[in-house]
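The values are calculated or read from the model by the stated rules, or taken from the named source; none is laboratory data. Everything numeric in this text was worked out from a predicted model, so none of it was measured. Cβ atoms come from the backbone with ideal geometry, glycine included; neighbour counts cover every protein chain shown.
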Amino acid sequence: MLESIKLYSSIVSFYQDLLGYSPEQTSLQQISESQWNKFATQRGLNPNSFGIYLPRNQTAIIKDDNPLSLFHEYFGHGLYCEQSLIGRKLVELEKRLFEKEKQEFQENMFTLEDIQRFRHQSQTFKKLEEFRQINLGKYELFAIWTEYLLSEEHGLRDNFGRKYDFLQDEDKKAIDSIINCSERYGNLAIFYDSGLAKRTTPERVKRLLTDIYKDKLQDIRFALLYGSKKEFSDIDVFMVGDNLLEIDSWLDVRIYSPKDFERKLNLFDIAVTNPLMTGEFILGDRNYFEQLKEITLSQQITEESIKHNIIEGANQKQLAQDYPENSRDNLRGLRYSLTYLTNALALGSGMRLFKRDDILSYLQRQAPAEGNKPLRLQGGIKNAT
């Protein structure tokens, strides 16, 4: 028991450092080997099993002092149910079913058959079962990978190896794939790719970028963290440098060469001014970054910069039309188009707006009182170009 407490404390510290959180709502219950058979029989479990996680009350129950079960049930299923949207939905459905069962049986004696009969007719139970079937693979794979990760961290590789030998070939292939990805891109990337919440800080994103790009990061001028920074949104990173590939997934990395970046900056292009003015510095040449901010704040508005924003607005509108109406990409293109055209309007009136939020505020102030009709640039695009 003492060994488990020391292990538990060490893992909590590891997770707090890596992720910014560890299991908080999940309780841990250990059952002695002599009591496990009775517990397993009551629950309909295989007596040879070593643990179970109950989403309904968010409890990890493990047999005796078994580290792999601690890794799998508490830090695998527990963390997944607390910090992923899939896990939270699973807990929500389980608790909703529990409430319905309490209402049905609160004043009556009932048997296991009664519960099974009730569930067979329950729409909530059907939704829960469908959701389980769709997401079971992700749920279990994450827990098995957690066993691997924590076994490696705590010198228990042989323990995991013995369990690995008994996995089905399909499961071995899946876990091998995620292990290879973790070795290539780092552990933090696997947590985020598995759908866990992202507590983004410049330090944490620096670790992520270092794991992914490795020594290629020495080629960048600077990297910034910007965007909403919400737990389940993409991580938005802006980089200035050469010889690096952009990423477009849950990690959204936009990269400009120094020459292209400075050219767009001179044109008040919101794609570069917004991250420059709102982003948090991650790594690179901080002096270069700060100097550019100062220069940009006082740079002159030119006819070329107004024209650039009008043309970009037209281009974004054209790109939006390549996608089905009201689709995500269509609406995004239209938003970008309106942002560029509004920026052109502001520049034309002598206003320097560097942040997307400032442009949106300007747009709201300029909107007509009646009908909220869209803004029109005087003379139109053709005359302006």
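The C-beta contact set for segment 20-32 (first residue under 15 Å from residue 52 (Cβ atoms), second residue part of a strand (DSSP E or B) and of a type in the set (Lys, Arg), distance under 7 angstrom, 6+ apart or interchain) comprises 31/63.
The number of residues in segment 58-90 being outside any strand (DSSP E or B), surrounded by fewer than 19 Cβ atoms within 10 Å (Cβ to Cβ) and at pLDDT 95 or above comes to 4. Scanning segment 107-147 for residues that are aliphatic (A, V, I, L, M) and at pLDDT below 90 turns up 109, 112, 115.
One line per residue, one yes/no per condition, for (1) under 26 Å from the mean Cα position of the chain (by Cα); (2) not aliphatic (A, V, I, L, M):
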residue: 281; (1), (2): yes, yes
residue: 303; (1), (2): no, yes
residue: 316; (1), (2): no, yes
residue: 323; (1), (2): yes, yes
residue: 334; (1), (2): yes, no
residue: 341; (1), (2): no, no
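Among the residues making up segment 170-197, a single one is among the charged types (D, E, K, R) and in contact (Cβ under 8 Å) with a residue 40 or more places away in the chain: 193. Taking segment 320-357 as the range and being surrounded by fewer than 18 Cβ atoms within 10 Å (Cβ to Cβ) and polar (S, T, N, Q) as the test, the residues that pass are 321, 326, 327, 330, 349. Restricting segment 233-290 to residues that are surrounded by 14 or more Cβ atoms within 10 Å (Cβ to Cβ) and of a type in the set (Ser, Thr, Tyr), the residue that is farthest from residue 311 (Cα to Cα) is 278.
Within segment 137-256, considering only helices (runs of 4 or more DSSP H) that don't extend past its boundaries, which have at least 3 residues that are among the β-branched types (Val, Ile, Thr)?
So the answer is 169-185, 202-213.
Taken across segment 323-334, residues that are outside any helix (DSSP H, G or I), touching a Phe, Trp or Tyr at 6+ places or on another chain (Cβ under 9 Å) and not assigned by TED's automatic domain parsing to the domain that holds residue 275 do not occur at all.
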